[in-house]
Amino acid sequence: MNVDIQYYKEQLASKEDMLVRTASYLLEAQTKLELKNKELSEIHEEIFDSIRFARLIQTSFLPNTDVLKVFLKDASFFVKQQIGIGGDLVFSKNTGHGLVFGLLDSTGHGIPASMLSIAGSLFIQEITSTMQIDSPAALAKLLNYQLYSTFNKTELSLAHMEGSVFYYCSRTGKLKYSSAKGKAIYLPLNGAITELPASKDPVGQSPESVFDEVEIPFVSGDKLLIYSDGLVDQFGGPSDKKYNRKRLLDLVEQNRHSSVAELKEIIEFEHNQWKGDNTQTDDVSFLIIEL
Amino acid sequence: MKIVETGGIPMELILKTDYASLYFESNLKLAVCVADEEYIPIDSFKSLFLAVSDLLEVKEIKHFVFDKRQLRTFHQPSMEWYFAIWKTSVREKGLVDHYKILPPLDWFVKAVDAGKWEIFKKYGSDIVNGISINYVDSIDEVVLKLKG
């Protein structure tokens, strides 16, 4: 009996000792975790400060819609990069005799895509400033050369861009485009809306790439929607599926006679509704113009 | 000596105390210490593990399993003796693999972590060098592994 009592007393004392030691261990582990958490929060804050600043820099490359409206009846665009910065690029350049404009989507997301997007923007500025550009296919070809020779000549980095380049000539009143896997929908004032055909080569991947040039006959009041694949690739909706081209075409068809500003609001609202609480799948951008 | 079934193969009972049993299997050169109670007083703990040391010399044990599934109290001084003194001595006598089976209780596992953390702070983590320590779920798992 005495032996039993001694055994249980000793066991109880050991249990108490075990609890004290375990509590001390867990307390130290918790303190270490809190310290690590604080360090991670600081690093997180630093990264987001950098991204906020980088976002300001990248945003400054976006075109001024007032300049677009000098040549076009109306224009508006929307850019929402996946992490604040990204690879979608909306551009325009007054060439003196007309307007070069378009939308390009760089490979990847985030920081590398934003660097490529800024490089693309600078190359377009350089090409259109040093040469008399009145051909979108020529601009696509020159941009292709610049991107390829800069990023892919010695080591294939997969850095390239997809999108469409347009040129509106104010002297002739003609609109031409060249598409490098770009996505665009034409909304005539009368008649069926159509998706503009696209070349199969992106810009910057190969020196052999070919870019077709197509003239778009238009009447005043026709509209054009140019967009990046992030708009139709967004996951969401009731079954967590991609938004897809068909839904966009239906939406545009239903709202084809809305003003440019209204159409922009409608597409942006629809995108946000579809996305819901999901993360943004890709960089998203679109440009709407009225001719 | 009594023969009992442990780990799916007959094993020889070498030592039985009020708190634990020690078994041996000659073909596999395996010794198994099974805790039979919730708590093993340090004197009994030491006598069991010193018996393992003796077996190492006479039976050339290479593998050792400590089945703690019945334990509900982690005794720090016993564990410190086990790490700092016993393990060093058996390593020198040729014990290669050391297997442990813990009770399936999170709080006990945390108590073991706390105990080891204190021992490593006191002696340095080198204290476990030279001997392979593996956590397993059953004696069968070790037997199957050794049978290859």
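Just so you know, all these numbers are worked out from the coordinates, no wet-lab data involved. From a predicted model like this one, the values you see are computed outputs, not experimental measurements. Note that we place each Cβ from the backbone using ideal geometry, even for glycine, and neighbour counts take in every protein chain shown.
With N residues in the protein assembly as shown, what two-decimal value do you get for its Cα radius of gyration over 2.2 N^0.38 Å? List each step's numbers first, then the result.
On the way: Rg = 37.2 Å, N = 439, 2.2 N^0.38 = 22.2 Å.
In units of the globular-protein estimate, the protein assembly as shown measures up at 1.68.
Could you work out which residue, out of A:SER114, A:SER50, A:SER76, moves most in a Gaussian network model of chain A, that is, has the largest mean-square fluctuation with Cα springs under 10 Å? Among A:SER114, A:SER50, A:SER76, the largest GNM mean-square fluctuation belongs to A:SER50.
Take each residue in A:12-20, count the other chain C-beta atoms within 10 Å of its C-beta, and the mean is 5.
In the stretch A:172-291, a dipole from Cβ-located charges (positive for Lys and Arg, negative for Asp and Glu) runs towards its positive end, and of A:VAL232, A:ILE185, A:SER206 it is A:ILE185 whose Cα lies farthest in that direction. With respect to chain A, whose longest principal axis is taken over its alpha-carbon atoms, helix A:2-59 is tilted by about 20°.
Using a/c under 1.5 as the rounded threshold, could you call the stretch A:223-286 rounded, prolate or oblate? The axes a ≥ b ≥ c are square roots of the C-alpha gyration tensor eigenvalues, and prolate needs a/b larger than b/c, oblate otherwise. Before the final figure, lay out each step's value.
On the way: a/c = 1.86, a/b = 1.71, b/c = 1.09.
Because a/c hits 1.5 or more and a/b exceeds b/c, the stretch A:223-286 counts as prolate.
Checking the a/c ratio against 1.5 first, then a/b against b/c, what shape does the Cα gyration tensor give for the stretch A:1-60? Cα axes put the stretch A:1-60 in the prolate bin.
Most simply put, chain B has about 50% antiparallel DSSP beta bridges, counting only bridges with both residues inside it.
With the convex hull drawn over the C-alpha atoms of chain B, the volume per residue is 103 Å³. Select from A:VAL70, A:VAL252, A:VAL79 the residue whose mean-square fluctuation is largest in a Gaussian network model of chain A (Cα-Cα springs shorter than 10 Å). The residue that fluctuates most here is A:VAL70.
Could you state, as a whole-number percent, how many of the C-alpha pairs of the stretch A:152-223 are farther apart than 16 Å?
Numbers: 1431 of 2556 pairs.
Beyond 16 Å sits 56 percent of the P(r) for the stretch A:152-223.
Phi-derived couplings, Karplus 6.51 cos²θ - 1.76 cosθ + 1.60 at θ = phi - 60°, listed residue by residue for the stretch B:21-37: 10, 10, 10, 9, 10, 6, 4, 8, 6, 10, 10, 10, 9, 10, 6, 9, 10 Hz, with x used for Gly and Pro. Rounded to the nearest 20 debye, the dipole size of the stretch B:3-147 about its Cα centre is 400 debye, using +1 on the Cβ of Lys and Arg and -1 on the Cβ of Asp and Glu. The mean number of partner chain beta-carbon atoms within 10 angstrom of a residue's beta-carbon across peptide A:143-154 is 0. Net charge of the neighbourhood of A:PHE101, taken over other residues with C-beta under 12 Å away and scored Lys/Arg +1, Asp/Glu -1, is +3. The residues B:PHE120, A:PHE286, B:PHE83, A:PHE77, when put in order of fewest to most other Cβ atoms within 10 Å, stand as B:PHE120, B:PHE83, A:PHE77, A:PHE286. Only helices enter the 222 nm calculation for the protein assembly as shown: every DSSP H run of n ≥ 4 contributes -39,500 (n - 2.57), and dividing by all residues gives -14000 deg cm²/dmol, rounded to 500. Seen against the Cα atoms of chain B and their longest principal axis, helix B:106-123 is set at about 70 degrees. Toward the positive end of the charge dipole of the stretch A:1-107, with +1 on the Cβ of Lys and Arg and -1 on the Cβ of Asp and Glu, the farthest Cα among A:ALA23, A:VAL90, A:ASN37 is that of A:VAL90. Dipole magnitude for the stretch B:63-144: about 280 debye, using +1 per Lys or Arg Cβ and -1 per Asp or Glu Cβ, origin at the Cα centre.
Take every residue in peptide B:81-93, count the Cβ atoms of other chains within 10 Å of its Cβ, and give the average of those counts. Walk me through the numbers on the way to the answer.
On the way: counts 0, 0, 0, 0, 0, 0, 0, 0, 0, 0, 0, 0, 0.
The shielding value for this peptide is 0.
For chain A, the dipole from Cβ point charges (+1 on Lys and Arg, -1 on Asp and Glu) about the Cα centre works out to 660 debye, to the nearest 20. Whole-Hz Karplus values for the stretch B:137-148 come out as 9, 7, 5, 3, 4, 6, 4, 4, 5, 6, 6, x Hz, taken residue by residue from phi with 6.51 cos²θ - 1.76 cosθ + 1.60 and θ = phi - 60°; glycine and proline positions read x.
Springs join every pair of Cα atoms under 10 Å in this Gaussian network model of chain A, and among A:GLU195, A:GLU46, A:GLU215 the largest mean-square fluctuation is at A:GLU46.
Once the Cα atoms are used to define both axes, helix A:260-275 deviates from the longest principal axis of chain A by about 30 degrees. What does the C-alpha gyration tensor say about the overall shape of the stretch A:77-231? Classify as rounded when a/c is under 1.5, otherwise prolate if a/b is larger than b/c, or oblate. Taking the square roots of the gyration eigenvalues as a ≥ b ≥ c, the stretch A:77-231 is prolate.
Among the GluC sites (Glu not before Pro) in the stretch A:104-188, those located in a DSSP loop and surrounded by at most 12 other Cβ atoms within 10 Å of their own Cβ are A:GLU155.
An ellipsoid equivalent to the stretch A:52-100, defined through the eigenvalues of its Cα gyration tensor, has semi-axes of 24, 11, 8 Å when rounded to whole angstrom and sorted largest first.
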